[in-house]
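What follows is a short report on a single structure.
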Amino acid sequence: MLLASVAVPVPLGQAFTYRVLPEHASRCKRGTRVVCELGRRSLIGVVLRVADREPEVAVERLKPLGHIVESEPASPEELLDFLIELSRYYFAPIGEVLRLALPAVERTQGQQESLLGVKAKLVGKVLQQVVRVQPSPSDAETPKGQASEILEALMTGPVLIRDLEQQFKNARASVKRLEEQGWVTVVPVTEIKNPYFAVKVAPDTPPQLTDPQRVAVDAINHALEFQVRQGFLLHGVTASGKTEVYLHAVKRGIELGRGAIILVPEIALTPQLVGRFRARLGDTIAVVHSALSDAERHQMWKSLRSGQVRVAVGARSALFAPVENLGLICVDEEHDSSFKQEEGVRYQARDMALWRAHRVGGVCVLGSATPSLTSEALVQRGLLTKLELPARARKAAALPTFEIVDLRRIKAGPTGDRLLTLPLVRALEHVVEAREQAILFLNRRGFAPALLCGSCGQIVRCPDCSIALTVHRAGRPRVVCHTCEYHAPVPSLCPSCKSGELEEEGAGTERIEAALTELFPTAKVARLDRDVAAGAKSAAILERMRRREIDLLVGTQMVTKGHDLPDVTLVGVLDADAALSMPDYRAAERSFQLLVQVAGRAGRGDKPGRVVVQTRQPDSTIIRCALHHDVHAFLEHETRQREELEYPPFSRLALVRFEGLDEGLVSNEATRVARLTKRVLGTQVRLSGPAPAPIARIRNRWRYRFLLKSADRLRLREALLKVHGTEVDRRVRVIIDVDPMNML
Ligand code: ADP
Ligand code: ZN
Ligand code: ZN
């Protein structure tokens, strides 16, 4: 009997088995989407396997597969295999993983230009955007000829009439008839706009490569040409021309008929990068990002799937782009933590990029000015080839000079703000006088990060989380929880002792912005953080910066990302120690990366750059290494530390977190699962905990966790299989985080 194993987008681990009806046999292939029933719901799933075999249960109990949505697999074979492996590695339900990769078959939202949709009905709640193809109004005759072909073309989702007209002679007339007969609906939509393609980009001429760039490009191209499955770590200082290297490699790949994916940390912050790709490669690239509408996403997906477009550029989810004959994946700023998805399927796109490239026999290039210890370790083990770009690409641009301000010794500057020290203010004055630009980096948004009671010493906390409330003043003054977004008017009395002695503690970006405005009345001051700018808005602020409409920009780590702003001559790191105090084995690595990255924004043009770093630990290795631009020394030092403590890359970690409303229950379940897991642990896996998470409560849910650590990947996996297979009280959610980045 022909049986299909189908992944459905519901949060369940396994795939479901269905009978394949004889009339569907020829069209039911791996990767095709099918309509199937689950319980009483009708859902669209993806066929994982088709096999002629004896069923394990009685035939009557097997439901038949419904409609086959398309005759060509929605997912390339290679991608499907990759997704299955990814779901196994992260203990993520296959249906959820598939959702990352396949666009919803869009239901048109009815706002926008003539978009034609299959008349459809929503199926289930989980799948909001998936439409059920319902091509059989009872009283209508079956369409023939062109009409039936059009209907077939629509099975995978809505299509612009304009696009249909290119394919079919009388598309408009046929569509009209189909609509009258109730087969399809025509919905007005506005022009599908990709924000990045709104402006035309003139083609550019590649610059003469520097010698190190040449060496790197040759090595990568050689691997592409000879189809050597190979991974590279492109370590190039900021502005050394890494992007130029990706561009050359992608171009060569396309000449060889192979598609490419370029992953960047935050696409909204890097429209410039997209511009450079378009200038070099033309508009045959798809830009995948979260701000796309469903229709746009579907359009992109289809153009990639059909091979019409060969290159996908985007944030981590672009890893799943259905690029035809994939041959190259570049991961820009590979050290960036945004490659790790921290909800749902908790995957690390950088790690998975190496996998996917390897599976297709392709090339993977990881680029960074501050390589992660993970990637560095792969180089040490001979699994990645290191390519170095030791100097900035443009001759005039030297690396910036560092100055340290010892916060222990220095008094607050003219505004009384502890973080606006006199040396920093002097440096800013210089910038303002010279009509240059400065970036100030402080990784705390809001006005003051805490409200402290001078009488009882308590900090005002979020009622639902174990987190201090941040005072915000911009707009309406309020206190905000940065974890759950709870907000309330600024209290005048201490919630604990009712005294009126609440004081704002410390400074966030808002406070610094206000102080700068006061201090430099002639300068244009702006702020870049999540409060003023999400998504495209942040790009707009950076664009104003580029156009010189802003002189002094203060912001959170959004300002550290790869912007190329030639007139920035000063970068101030207001509190270099903040990231170090995180309860995380990666704290040192992260602070170092932040420091070097933000410093890299200075002096990219013709004028030399200067970086002022304020710290209480001027003698720490991190500061000293950053001071001398010595990434190698830092990597060496940190590698030794990790080795001593047996932390990654010298071991593998998995975090198992338990969440629920009832603290006792959460704690009990964590203890019970930990105990059961311990029984199967050999000597090679260590379990620590369970214990409350550093943030013990979020949104009223208590959080407990234990950590598994092992040098042996397979042993660790066995332990996780045990965790995964253990039944837990339904009121407690268990989250397995493999290779965790966020330990909070
Ligand atoms: P990275 O990606 O390493 O930060 P970019 O590729 O953005 O560096 O290059 C930094 C700047 O140097 C850009 O303005 C770029 O156009 C320029 N650039 C890159 N390579 C060259 C080269 N070979 N010759 C001249 N300028 C270059
Ligand atoms: Zn009090
Ligand atoms: Zn909260």
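The values are calculated or read from the model by the stated rules, or taken from the named source; none is laboratory data. Given the structure is predicted, the values throughout are model-derived calculations rather than measurements. FYI the Cβ positions are ideal-geometry reconstructions off the backbone, even for glycines, and counts take in every protein chain you see. Note: accessible area is taken over every heavy atom of the protein model, side chains too, but ligands, DNA and RNA are not part of it. Shrake-Rupley method; radii C 1.70, N 1.55, O 1.52, S 1.80 Å.
Would you pick out the residues in the range 14-44 that are of a type outside the set (A, V, I, L, M), assigned to a loop (DSSP other than H, G, I, E, B) and open to solvent by 40 Å² or more (accessible area, probe 1.4 Å)?
Step one: filter the range 14-44 for residues of a type outside the set (A, V, I, L, M), giving 14, 16-19, 22-24, 26-33, 36-37, 39-42.
Adding the requirement that they be assigned to a loop (DSSP other than H, G, I, E, B) leaves 14, 26-32, 39-40.
Hits for the range 14-44 are Q14, S26, R27, K29, R30, G39, R40.
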Show the residue pairs meeting these rules: Cβ distance below 9 Å; 6+ apart or different chains; first residue within the range 268-282 and in contact (Cβ under 8 Å) with a residue 12 or more places away in the chain; second residue open to solvent by less than 10 Å² (accessible area, probe 1.4 Å) and aromatic (F, W, Y). F277/Y246
Could you grab me the full set of residues in the range 603-630 that are over 13 Å from E403 (Cα atoms), out of contact with any helix residue (DSSP H, G or I) (no Cβ under 6 Å at 6 or more places or on another chain) and buried (at least 22 other Cβ atoms within 10 Å of the Cβ)? G603, R604
Could you check how many residues of the range 470-514 are within 16 Å of ligand 3 (Cβ to nearest atom), assigned to a loop (DSSP other than H, G, I, E, B) and hydroxyl-bearing (S, T, Y)? 2
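Checking the structure you have, find out if any residue of the range 354-369 is part of a loop (DSSP other than H, G, I, E, B) and in contact with a His (Cβ under 9 Å, 6 or more places away or on another chain). Before the answer, list the steps.
From the range 354-369, those part of a loop (DSSP other than H, G, I, E, B) are 360-362, 369; that's our starting set.
Filter once more, keeping what is in contact with a His (Cβ under 9 Å, 6 or more places away or on another chain): 369.
Yes: the range 354-369 contains one or more residues that are part of a loop (DSSP other than H, G, I, E, B) and in contact with a His (Cβ under 9 Å, 6 or more places away or on another chain).
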Looking at V331, V345, which one is outside any helix (DSSP H, G or I) and at pLDDT below 95? V345
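If we scan the range 80-89, do we find a residue that is part of a loop (DSSP other than H, G, I, E, B) and either modelled with pLDDT under 55 or not basic (K, R) (or both)?
Taking the range 80-89 first, the residues part of a loop (DSSP other than H, G, I, E, B) are none.
Looking for residues that are part of a loop (DSSP other than H, G, I, E, B) and either modelled with pLDDT under 55 or not basic (K, R) (or both), one finds none in the range 80-89, hence no.
When you go through A216, A223, A202, A260 one by one, which is the residue that is buried (at least 24 other Cβ atoms within 10 Å of the Cβ), more than 16 Å from ligand 3 (Cβ to nearest atom) and either more than 24 Å from A599 (Cβ to Cβ) or among the acidic types (D, E) (or both)? Outline the logic, then answer.
Details: A216 fails: either more than 24 Å from A599 (Cβ to Cβ) or among the acidic types (D, E) (or both); A223 fails: buried (at least 24 other Cβ atoms within 10 Å of the Cβ); A202 fails: buried (at least 24 other Cβ atoms within 10 Å of the Cβ).
Unique residue meeting the criteria: A260.
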All but one of (1) surrounded by fewer than 19 Cβ atoms within 10 Å (Cβ to Cβ); (2) more than 16 Å from ligand 1 (Cβ to nearest atom) hold for K386; which doesn't? (2)
Only one of (1) at pLDDT 75 or above; (2) outside any helix (DSSP H, G or I); (3) of a type in the set (G, A, S); (4) surrounded by 14 or more Cβ atoms within 10 Å (Cβ to Cβ) fails for G182. Which number is that? (1)
How about the range 430-458: which of its residues are near ligand 2 (Cβ under 10 Å from one of its atoms) and without any contact (Cβ under 8 Å) to a residue 24 or more places away in the chain? G457
Out of all the residues in the range 310-335, which are at negative phi and open to solvent by 20 Å² or more (accessible area, probe 1.4 Å)? R310, A315, R316, S317, E324
Do we have G253 as open to solvent by less than 20 Å² (accessible area, probe 1.4 Å) and within 18 Å of R356 (Cβ to Cβ) here? yes
Which pairs have Cβ atoms under 7 Å, sit 6 or more apart or on different chains, and link a residue in the range 548-564 that is on the phi > 0 side of the Ramachandran plot and open to solvent by 10 Å² or more (accessible area, probe 1.4 Å) to one that is among the charged types (D, E, K, R) and assigned to a loop (DSSP other than H, G, I, E, B)? R548/D567
Being away from ligand 2 (no atom under 16 Å from the Cβ), open to solvent by less than 20 Å² (accessible area, probe 1.4 Å) and among the small types (G, A, S): is that true of G475 here? no
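Conditions (1) out of contact with any strand residue (DSSP E or B) (no Cβ under 9 Å at 6 or more places or on another chain); (2) within 16 Å of ligand 3 (Cβ to nearest atom); (3) within 30 Å of T522 (Cβ to Cβ), marked per residue:
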position: E376; (1), (2), (3): no, no, no
position: L387; (1), (2), (3): no, no, no
position: V405; (1), (2), (3): no, no, yes
position: L419; (1), (2), (3): no, no, yes
position: H430; (1), (2), (3): no, no, yes
position: L442; (1), (2), (3): no, no, yes
position: G446; (1), (2), (3): no, yes, yes
position: L451; (1), (2), (3): no, yes, no
R530 vs. criteria of a type in the set (K, R), farther than 26 Å from P694 by Cβ, in a loop (DSSP other than H, G, I, E, B) and within 34 Å of the chain's Cα centre (by Cα): no
Checked the range 284-322 for anything under 22 Å from D564 (Cα atoms) and assigned to a loop (DSSP other than H, G, I, E, B); matches are H289, A315
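In this structure, does T243 turn out to be under 30 Å from the mean Cα position of the chain (by Cα), at pLDDT 80 or above and open to solvent by 10 Å² or more (accessible area, probe 1.4 Å)?
Working: under 30 Å from the mean Cα position of the chain (by Cα): yes; at pLDDT 80 or above: yes; open to solvent by 10 Å² or more (accessible area, probe 1.4 Å): yes.
Criteria met by T243.
Residues are listed down the side, and each one gets a yes or a no for (1) away from ligand 2 (no atom under 16 Å from the Cβ); (2) open to solvent by 40 Å² or more (accessible area, probe 1.4 Å); (3) under 30 Å from A268 (Cβ atoms); (4) touching a residue at least 24 places away in the same chain (Cβ under 8 Å):
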| site | (1), (2), (3), (4) |
| --- | --- |
| V490 | no, yes, no, yes |
| C494 | no, no, no, yes |
| E503 | no, yes, no, yes |
| G508 | yes, no, yes, yes |
| R511 | yes, yes, yes, yes |
| L519 | yes, yes, no, yes |
| K524 | yes, yes, yes, yes |
| D529 | yes, no, yes, yes |
The range 711-724 residues that are open to solvent by 40 Å² or more (accessible area, probe 1.4 Å), paired with ones that are part of a helix (DSSP H, G or I) (beta carbon under 6 Å, 6 or more apart): K722/T677; K722/V680
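Please tell me if R461 is closer than 26 Å to A579 by Cβ, open to solvent by 70 Å² or more (accessible area, probe 1.4 Å) and within 16 Å of ligand 3 (Cβ to nearest atom). Steps first, answer last, please.
On the way: closer than 26 Å to A579 by Cβ: yes; open to solvent by 70 Å² or more (accessible area, probe 1.4 Å): yes; within 16 Å of ligand 3 (Cβ to nearest atom): yes.
In short, yes.
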With respect to F706, determine if the residue is closer than 30 Å to I623 by Cβ and aromatic (F, W, Y). no
Selected residue (criterion: surrounded by the most Cβ atoms within 10 Å (Cβ to Cβ)) from residues of the range 45-82 that are of a type in the set (K, R) and either under 16 Å from A321 (Cα atoms) or more than 35 Å from the chain's Cα centre (by Cα) (or both): K63
